[in-house]
Amino acid sequence: MASPILMPALSPTMEEGTLARWVKKEGDAVRSGEVIAEIETDKATMEMEAAEDGVLGRILIDEGTEHVAVNTPIAVLLEEGEDASAADGLDLGSKAKPTPKVEKIVPNAAASAPQGPAQRSTAELVEPEWGETADITVREALRDAMAAEMRRDEDVFLLGEEVAQYQGAYKVSQGLLDEFGEKRVMDMPITEHGFTGMAVGAALSGVKPIVEFMTMNFSLQAVDHIINSAAKTRYMSGGQMSCPIVFRGPNGAAARVGAQHSQCFGSWYAHIPGLKVVAPWSAADAKGLLRAAIRDPNPVVVLENEILYGKKFPCPVDEDFVLPIGKAKIEREGKDVTLVAFSIMVGVALEAAEQLAAQGIEAEVINLRSLRPLDTETIIKSVKKTNRIVSVEEGWPVAGIGSEICTIAVEQAFDWLDAPPARVCGLDIPLPYAANLEKLALPKPEWIVEAVRKQLGD
Amino acid sequence: MGSMTDAPNRQNGPVLSKEEMERAYREMLLVRRFEEKAGQLYGMGLIGGFCHLYIGQEAVVAGIGLAMKKGDRSITSYRDHGQMLVAGMTARGVMAELTGRSGGYSHGKGGSMHMFSKEQEFYGGHGIVGAQVALGTGLALTSAYKKDGAISIVYFGEGASNQGQVYESFNLAALHKLPCLYVIENNRYGMGTSIERASASKDLSKNATPWGIPSRKVDGMDVAAVYQAAKEAMEHCRSGKGPFLLEMETYRYRGHSMSDPAKYRQRSEVDEMRQTRDPIESLKAEMIKQGIDESFFKTVDHDVKAVVKDAAEFAETSPEPDASELWTDVLVGE
């Protein structure tokens, strides 16, 4: 049966092109895959191949014709033995299937961006009274969290550099090899890209790896697998695949380790849909959030802090202790200003609150605990009470977590604000090595006090 | 190029049984016709974005498919339609994903390069060159961890074979003796750059030698040779000896993607491959030689055409995904 040959779309953006040359002429036999014409697109001159065997019956568009729209019939293909007159019956106008109409975006159109589902209220995430506590270090809390979850679930295992025999570069995995053996505590060669990809592949196919990065700085070697492979696969598979994996390690500045080992990745990972991101401060945060991260069926980034590893905090001893991801904690109540911080900066904010209290200013300190999802509800509730907000982070100011916090405050509590929201951040420079310079570059309580006093009109 | 590869040993009778040849022929023809149709739908604007056709390389997936066992996992690059069809995914579901419709494997949210099937143990469809090699090594880690007896088939092109993570993966798989079959589909061109211009390694089958990974170079245009090599390699992986590497010397007839003007090679090179080495025609000739009746080919041609036509119709008529699909499947449990 005679059929029309249509002007093809030869690139993702092509709408029309020039029919540069007919390689075959009317009456020529053509085989599938043979070049029949040359088409000039906006990018290149392309060869057009016949899709089926047949005879070129009639040429409808002469060579040299410009602006031929995609899907215009350009010739008629006859079956072998068919007469050219077979093309006569073809309705070449309607036979061509039109390109599906793409809705053009009209400026100032009434339609607004599609809204996502309403955020679940974090008020439901009530932290129960866990009772008795014992003072343990953050390091012990992280180890205990992994050990507890590995006892609970055979599919959970730890892999990373120096996690097994060496007992952890920062001794976080101390004792785990002895208890769980080589199969579940795996030393990795120094190949973050490879072993992270391998761990993500394992997670996609039915186990639950915990990937320890010696520091989160090295996760940059593996960032493609964290974002493109772990975070996006569930969506790209239409919900068929899931990736239960934890990426953890010390994040941010340590002490005089220089620019390449001193960066906060809070804003980097919090930017990515498909990931969850937590940043513990206390031992209780560390234990409760890491246990939740391991149990979560999604990829979770746990941003730890080397300086905090050795700090002791009271931590619930209850065997079932776990914290919800996505719920912030008010560490100190106050009525005059809200200080929002995460990880090591929670301690700095608490110190600032002490200094402010001595000046008669009552600061409320929110420990975010989770950067994605962010507990906006707790932040906004606090701002509506205090009418002022200062975000505190160790990372850089540009497109940082503070930018997000301040935007949320402006968007959702503008009428309650008595002063512009403020950000306290690490300086916008690679972190220097020299002891004095490094100290100058990182937020300290005095910077927070100054930011608050400015909001108060001092 | 055939002289450098291990020819299948046909001395003791044919490598493939009649049933295997028939299955291979059917699968290769399905991939060929499916891809031709995909090319047409792209030309009509029904498929958008990037679309990489598998035409010419059919013997690789068909031969490996014959050697795979139920439960084996596979993963590949963005040139993935052939792998999916041979893995048992439906032509309808794959084609409807190409057209971005709700009937597609990812409900239209993945597209040509990102498709998966939990049911068929197919793990994508990856748009980042080489990423599937580390991920596929992880599929094998799951097998080793769970002792489930499955192996993982990891396809990548000769272009990806220059990526660093490929060698990180070789090292990890060899260290931990993971049941992983690496398959380099050497179609000679990484996008528009020929292998000679991209790789200092002249024999890719030797690329895993430093890690002690055994390997073979195979005529990837000969489905029997592919099957025989794959079967032996899979036995090695399954027996706990660790990974194996197969380099398939193959060829893609079409451009890298639909928008590739293919100025980096002579038309005559493509035509010669089509005329002298075509995997489907070669198998057909062998089958006729062995006395398989002409009516078989007629029936298969007819059946495959019908499957592809049905898939295209489904893909054109399946509705676009509902706007509510925007927000689903971002996270588990939300």
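The values are calculated or read from the model by the stated rules, or taken from the named source; none is laboratory data. Computed from a predicted model, the values in this text were never measured in an experiment. No Cβ is skipped: glycine too gets one built from the backbone with ideal geometry, and neighbour counts run over all protein chains shown. Remember, those area values only see protein heavy atoms, side chains included, never the ligands or the DNA or RNA. Shrake-Rupley method; radii C 1.70, N 1.55, O 1.52, S 1.80 Å.
Some points to look at:
- Computed with every protein chain present, the accessible area of residue A:453 is close to 80 Å² [probe 1.4 Å].
- Pair residue A:354, residue A:330: separation of 7 Å Cα→Cβ label points (nm): 2.2
- Chain A: projected area of the alpha-carbon convex hull, averaged over directions, in nm²: 30.8
- In chain B, taking the dipole from charged Cβ atoms about the Cα centre, the farthest positive-side position among B:315, B:167, B:62 is held by B:167.
- Prolate/oblate/rounded label for the stretch B:212-303 (Cα gyration tensor, a/c 1.5): oblate
- Modelled spin labels at residue B:289 and residue A:187, positioned 7 Å past Cα toward Cβ, are 5.5 nm from each other.
- The accessible-area ordering, largest first, of the residues A:32, B:143 stands as A:32, B:143, per a 1.4 angstrom probe.
- Equivalent-ellipsoid semi-axes of the stretch B:1-138, from the Cα gyration tensor, Å, largest first: 27, 17, 15
- Qualifying chymotrypsin sites (Phe, Trp or Tyr not before Pro) for the stretch B:219-304 [loop in DSSP, other Cβ within 10 Å: at most 16]: B:264
- Value of D in µm² per second that Stokes-Einstein yields for the stretch B:66-205, Kirkwood Rh from Cα pairs, at 37 °C (0.692 mPa s): 211
- For residue A:68, solvent-accessible area (1.4 Å; no DNA, RNA or ligand), Å²: 10
- Sparse-neighbour loop sites [chymotrypsin sites (Phe, Trp or Tyr not before Pro); the stretch A:117-170; at most 13 other C-beta within 10 Å; DSSP]: A:166
- Pairwise FRET efficiency - residue A:439 versus residue B:323, Cβ, R0 = 51 Å, nearest 0.05: 0.45
- In the protein assembly as shown, the calculated helix contribution to ellipticity at 222 nm averages -10000 deg cm²/dmol per residue, counting -39,500 (n - 2.57) for every DSSP H run with n ≥ 4.
- Among beta bridges from DSSP that stay inside the protein assembly as shown, the antiparallel ones total about 40%.
- Computed over the Cα atoms of the stretch A:348-458, the ratio of the radius of gyration to the Kirkwood radius (Rg/Rh) comes to 0.97.
- For the cross-link pairs B:18/B:118; B:69/B:241; A:183/A:287; B:177/B:202, the ones whose C-alpha atoms lie over 29 Å apart are B:18/B:118.
- Exposure ranking of A:120, B:265, B:274, A:423 by accessible area [1.4 Å probe, largest first]: A:120, A:423, B:274, B:265
- Inter-label distance, residue B:265 to residue B:206: 2.4 nm, where each label sits 7 Å from its Cα along the C-beta direction.
- Sequence-separation-based contact order of the stretch B:94-166, relative, with Cα cut under 8 Å and 6+ spacing, percent: 20
- Per residue convex hull volume, Cα atoms of chain B, in Å³: 136
- Debye intensity ratio in log₁₀ form over the Cα atoms of the stretch A:3-89, taken at each q of 0.16 Å⁻¹: -0.56
- Across the stretch A:278-423, the convex hull enclosing all Cα atoms gives 120 Å³ per residue.
- Percent RCO, i.e. relative contact order, over chain A, from Cα pairs under 8 Å lying at least 6 residues apart: 11
- Rg(Cα) / (2.2 N^0.38 Å) computed for the stretch A:132-316, rounded to two decimals: 0.95
- Of all DSSP beta bridges confined to the stretch B:14-309, the antiparallel ones make up roughly 10%.
- Distant-in-sequence amide H partners of residue A:188 (H built 1.01 Å from N, under 5 Å): A:160, A:161, A:162, A:163
- Equivalent ellipsoid, the protein assembly as shown (semi-axes from 5 times Cα gyration tensor eigenvalues, Å): 55, 33, 21
- Based on the Kirkwood approach, the hydrodynamic radius assigned to the stretch B:133-290 is 16.7 Å, with every pair of different Cα atoms included.
- Residue-span extension gain [residue B:313 to residue B:102] - 0.36 nm each, minus C-alpha spacing: 74.6 nm
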